[in-house]
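Structure first, commentary second.
The values are calculated or read from the model by the stated rules, or taken from the named source; none is laboratory data. Here the structure is a predicted model, which means the values were calculated and not measured. Note that each Cβ is placed from the backbone with ideal geometry, even for glycine, and that neighbours are counted across all protein chains shown. Side chains included, ligands, DNA and RNA excluded: accessible areas come from the protein's heavy atoms. Shrake-Rupley method; radii C 1.70, N 1.55, O 1.52, S 1.80 Å.
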Amino acid sequence: MDFMIESMAQYRSEYEKSVKDPEGFWAGIAEKYQWQQKWDKVLEWDFEKPDVKWFINGKLNITENCLDRHLKQRGNKLALIWEPNDPKERFVRYTYRELHEQVCKYANVLKRNGAQKGDRIAIYMPMVPELTVAVLACARIGAIHSVVFAGFSAGALADRINDASAKLVLTSDGLYRGTKEIPVKRVVDEALKECTSVERVIVTERTQWAVNMEEGRDVWLHDELTEVSADCPAEPMDAEDMLFILYTSGSTGKPKGVVHTCGGYMVYAGYSFKNVFQYRESDVYWCTADVGWITGHTYIIYGPLLNGATTMMFEGVPTYPSPGRFWQVCDKHGVTQFYTAPTAIRALMAAGDDHVLSYSLDSLKVLGSVGEPINEEAWSWYHINVGKEKSPIVDTWWQTETGGIMISGIGSASPMKPAHAGYPLPGIQPVLLDADGNEITEHDVEGYLCIKYPWPSILRTTYGDHERCRVVYFSHYKGYYFTGDGAKRDKDGMYRIIGRVDDVINVSGHRFGTAEIEDAINTNKKVAESAVVGYPHEIKGQAIYAYIILKDEPDNEDNLRSEIINSVVEHIGKIAKPEIIQFVPGLPKTRSGKIMRRILRKIAEGDTSNLGDTSTLLDPEVVEVITERAKQLKG
Ligand code: 7RM
């Protein structure tokens, strides 16, 4: 697909075109894809409802665009390289022809097990090739996939299965991640005790551990595959049919199911991938994210495959068996584009330069960063030690809700500035708003980051609760999509993302709502009330600080702390563990009973010099008590 921008001048003219005539611009991009039936109209939109439709009445199947379309020219080209957790185990490679065959077979297995167009299918799997195959198999038959990161707990999985009424669950026996071994199937069994919608569980063999197989419900993938053909026509999908649901945390209540649709998501995933990473035919592209997050959906699976790229999938973690693992894999497979998260870079930076300096990293051309702001120190380390000062770093800002990269460098075509995401991609119209909702039009300013015009992969709804989608994203500022982030725009018009302005904590690039964590903590019967905030953490970016009021004096504080941590692990997963738990006699509240998180955040940061006016608090003394104890805990 020839829509690659290769210079700043070209970027400017494409951007201008995209703003002057968005429909013409996106129609031109969309035409490069394979449609079973062309659209009647490019766009209809209303941000107040919200109601956004792209490529109206267009018919397509995204897997035809990811697979079938490439068979003639790239049938023998590598589509997928899978690198296992253990470097001694053999890696796996699929050509486009092989991946197509695997997907068709798996799709037939789904059908054989009762799946139909429109059904929701939960996928709870390790980073094995079958995960990518499973995702594409759902899309092939028009079933809606809901991938749940395999680090989430049984409770979190059950919530997501129930919210979507998933009919099937695709999983594995177990998983390897670094030195950890996780009994995945057992987690599924536990979750399914609370789910009535699930009729079938399809299990991929990964670890060969003995697992419980429930008669009439659970089947092995390898048995099923012997029963099906490799012929599975792609289901015709309307451009606005749902492609997938992906749950993400917000500032209130339980996670919401962000919905993306077939046509617009496809167009934007392919377009943004090609441009941001400047992907060329013989490149080997590697994104280290897990498919359980949006980054894995768009930039391990869909974006690369839409472009006929070779995409790599890695089962392990950056530090196993040593902090040189990423770089060893880059050299081993000749990786040309490498896309990771600041938290991984900081962890590797802390392990010392020797681990990276012993690899050549010659093949690398573009480096990417995603998930949170990248601090200048990590940026420089990445630039010097990994990129050898020759590869551009693209700092890609986007969200689960945006479906694809929104503000970012474009390979080496655009200028880069440490800690700045840069310019919006063509078709993206960001604005900064002040507290009254007025657009700030000057440069060298700061404000709430909103988007004023739809792009093809904007979320369409939150599953089963459209009103929530409206309230969260479209009601704060009338007529705009609100991102929840604050940002600066510098004198050159480049954007620098500051971070969340809502009650969302970003731990190692993963989002958690404070309310979600508090709910988990409050399940402990000894807890009366809790308040959770984020604070800066050297490796994780942000870590979780929990202030907890107990009903009674505890017998043993440390035991109670572990108990509370267990509640969080049980309800959400290990990744949401509070780093610091402080038992407090009370919380700083306004007279109307609102917790003053701003004060708690400052205390957690260790910055108590300027707590602002606390005199209006219900109980001003409590602040001092909390501050004193916090110093001891953090010291
Ligand atoms: C892709 C992803 C979204 C939130 C977003 C930001 C933060 C993501 C960057 C970033 C600064 C970046 N989706 N964020 N990328 N902040 N610079 N390059 O992460 O839905 O899981 O998170 O992550 O706060 O709103 S996400």
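Brief remarks on what is shown
- Histogram of C-alpha separations across the range 350-462, 10 Å bin width, %: 12, 36, 31, 15, 5, 0
- Label positions at Ala528 and Gln328, each projected 7 Å from the Cα along the C-beta direction, are separated by 5.3 nm.
- Semi-axis lengths, Å, the range 259-418, gyration tensor of Cα atoms, sqrt of 5 times eigenvalues: 24, 16, 15
- Solvent-accessible area assigned to carbon and sulfur over the range 279-423 amounts to 53 percent, based on a 1.4 Å probe.
- Solvent-accessible heavy-atom area per residue, rounded to whole Å², over the chain at 1.4 Å: 38
- Per-pair calculated FRET efficiency, R0 = 51 Å: Gln36 and Gln632 via Cβ, rounded to 0.05: 0.20
- P(r) tail fraction, the range 1-102 - alpha-carbon pairs more than 24 Å apart, %: 50
- Over all distinct Cα-Cα pairs of the range 486-635, the Kirkwood formula returns a hydrodynamic radius of 16.3 Å.
- Per residue, the average separation of C-alpha pairs within less than 8 Å and at least 6 apart gives the chain a relative contact order of 13 percent.
- For the range 76-206, fraction of C-alpha pairs farther apart than 21 Å, in %: 40
- Fraction of accessible area attributable to carbon and sulfur, the range 112-249 (%, probe 1.4 Å): 42
- Sorting the segments 187-194, 145-152, 496-503 by their residues' average number of neighbouring beta-carbon atoms within 10 angstrom, most packed first, yields 145-152, 187-194, 496-503.
- Computed over protein heavy atoms with a 1.4 Å probe, the carbon and sulfur contribution to the accessible area of the range 38-87 reaches 44%.
- Peptide ranges 413-421, 584-592 listed from the most packed, as the mean C-beta count within 10 angstrom indicates: 413-421, 584-592
- Net +/- balance of residues flanking Gln278 in space, Cβ distance below 11 Å, scoring K and R +1, D and E -1: +1
- Karplus (6.51, -1.76, 1.60) ³J(HN,Hα), θ = phi - 60°, over the range 322-332, in Hz, Gly and Pro reported as x: 8, x, x, 4, 4, 6, 5, 5, 4, 5, 4
- Computed over the alpha carbons of the range 322-361, Rg followed by Dmax gives 9.8, 25 Å.
- Convex hull volume of the C-alpha atoms in the chain, normalised per residue: 157 Å³.
- The alpha carbon convex hull volume per residue for the range 40-147 rounds to 150 Å³.
- Calculated mean residue ellipticity, 222 nm, the chain: -8500 deg cm²/dmol, from DSSP H runs (n ≥ 4) at -39500 (n - 2.57) each, averaged per residue and rounded to 500.
- Our summary gives the range 188-311 a relative contact order of 16 percent, counting only alpha carbon pairs under 8 angstrom and 6 or more residues apart.
- Once Rg and the Kirkwood radius are both taken over the C-alpha atoms of the range 486-559, their ratio Rg/Rh works out to 1.15.
- The alpha-carbon atoms of the range 233-287 define a convex hull whose volume equals 147 cubic angstrom per residue.
- Value in Å of the Kirkwood radius, where the range 189-272 supplies the Cα pairs that are averaged: 16.9
- Projecting the Cα atoms of Ser530, Ile581, Val501 onto the dipole axis of the range 492-590, where Lys and Arg carry +1 and Asp and Glu carry -1 at the beta carbon, places Val501 farthest toward the positive end.
- Extension gain (nm, one decimal) between Val569 and Thr179, 0.36 nm per residue minus Cα-Cα: 138.5 nm
- When peptides 153-163, 563-573, 449-459 are ranked by their average number of other Cβ atoms within 10 Å per residue, the highest-first order is 449-459, 153-163, 563-573.
- Label point at Asp434 placed 7 Å out along Cα→Cβ; residues across the range 464-487 whose backbone nitrogen lies under 15 Å: none
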